[in-house]
Every structure is written in C-alpha cells, then in structure tokens.
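The values are calculated or read from the model by the stated rules, or taken from the named source; none is laboratory data. Note that the structure is a prediction, hence the values are computed from the model and not measured. Here the Cβ is made from the backbone with ideal geometry for all residues, glycine too, and neighbour counts use every protein chain on show.
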Amino acid sequence: MTQPIAGWYPDPSDPGRQRYFDGKVWTEHYAPVGLPTPAVGQPKPGMSRGKKIGLGVGAGFLALVAIGSLGDSEKSAETKSGSTSPIASLSEPSTSTAKPVADADVPAPAGASVRDGKFEFQVLGVERGVTQIADAFSPEIAKGEFFIVKLRVTNIGDQARSFSATSQKLLINGNEYAATSIMDNGWMEDINPGLGIDTQAVFDIPPGATPSAIECHDSMFSGGALLALS
C-alpha cells in the first residue's frame, strides 16, 4: 500500500472536518470541510522572532543615540550661552555714566566760595610784609613776615558755631603753615545760623614766600577746603 503524502484529508474520526497528515502520522491540526486549509509546517505570515528581537535591539540603540544627541545639543547650547555672554557684555556699550569727582587737592578759584562742615568761606583779600601786629597784651613780632588772609565766614548750619582763625592752614610749595594765635584778630568768635563775619587769619611765613592757597577749616578736626589766593 502506497504511503499518502503529507496533506489535508478527511478526518477518519470525524467526517465533518479535515485533518492534516504529515506523511507519517495524523497530526493535531484540524480544519472545517469546505474552507481553505492553512499551511502546516510553514511559518505563518508575519515577522519572525529573530527579526522582532533584531528590530527591538535596533530601536533601543536608535533611542540611545537620540538621547545622547539631545544631551550633546543641550550641552552645546549651554556652552554657547556661557561663552557668548562675556563677549556680549563686553561688546554692549555701558549705559551708566561716570560722575565727575571733584579733586580735593585742587583749590577753588580765587573769589569763589567753599564749604567745610557748617561754614562757608570766601577770600576777600590778602596783605603781606607786616612784621609786627598789636595784640591784647603785647605786640606780636614776626619771625619772617606776616601774611594776612582776609575772610568772609558764614554759618550755614542751624546752630550757633565758633570760628577759630587758628584752625586755618596756608599752603606754600606743598608745605602747611599754621595760623598765628592773635587774640584781637578772629582768634575765636561765635557765629549764629545764617550770619557771617569778616575776619582774618594771620600766618608767619618766610620773607618773599608766595602762598598758593588757604585750607579753610570748620574746626581743627575737619577735612578742610582749598581756596586759591590769586
């Protein structure tokens, strides 16, 4: 008896269906009579497990590459931002305007007024060549010659304040000369707010020396303000 080839045949145990014979034995593959029978022993249409695994691995690799590229892009953007900020700040013009600062070592011009503390000072004139000045008790004799600076002193504060001629300084070639204590020449005088006095500061200087400025002081401890004499 010839051995049947593999294929679909009426099921010996159930005529209402077909059963697949693999060429040796009946298999457990069944199909209704009259309907197309599926292929047995051949892979069904679709993607094999190997291909699915391969595609899954490839997709994962592409995802990692994409994440890496995104990270590099962010780092690149941060680097560009960080590197361009200083350049931008250097190239952009500054909107702030520096305010001129008055030089405390430069005297105000002759005839001007300066302020120190609660007093305003103005030079009214100078006198020189005097070698003797009358004082309260006895004449004051110059060791060189007297240089007299006539001043207008105004109290710009809100309280009475004492002016002392001996707090004033005379500048000659960068050297400071202290005022001489002469009782009858504005040695100490009170000035009420808003009022002023005409007084003088007397300095004993080398004969022929040329003073450049007077340093006016509200008190012996104040910073002082410079006024040119000529």
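Quick notes
- Any hit, the stretch 167-177, residues being modelled with pLDDT of 95 or more, of a type in the set (V, I, T) and assigned to a strand (DSSP E or B): yes
- Enumeration of residues in the stretch 178-194 that are of a type in the set (D, E, K, R) and not in a strand (DSSP E or B): D184
- Filter result for D158 (modelled with pLDDT of 95 or more, assigned to a loop (DSSP other than H, G, I, E, B) and not β-branched (V, I, T)): yes
- Cross-chain or 6+ apart pairs with Cβ under 6 Å, the stretch 137-163 first and over 21 Å from S222 (Cβ atoms) and assigned by TED's automatic domain parsing to the domain that holds P206, then β-branched (V, I, T) and buried (at least 19 other Cβ atoms within 10 Å of the Cβ): E140/I182; G144/I205; F146/V202; F147/I205; I148/V202
Residue by residue, here is whether (1) touching a Leu at 6+ places or on another chain (Cβ under 6 Å); (2) surrounded by 16 or more Cβ atoms within 10 Å (Cβ to Cβ) holds:
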site: L151; (1), (2): no, yes
site: R161; (1), (2): no, yes
site: A165; (1), (2): no, yes
site: Y177; (1), (2): yes, yes
site: S181; (1), (2): no, no
site: L195; (1), (2): no, no
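- Count of residues meeting criterion [within 16 Å of E176 (Cα to Cα) and of a type in the set (V, I, T)] in the stretch 190-230: 4
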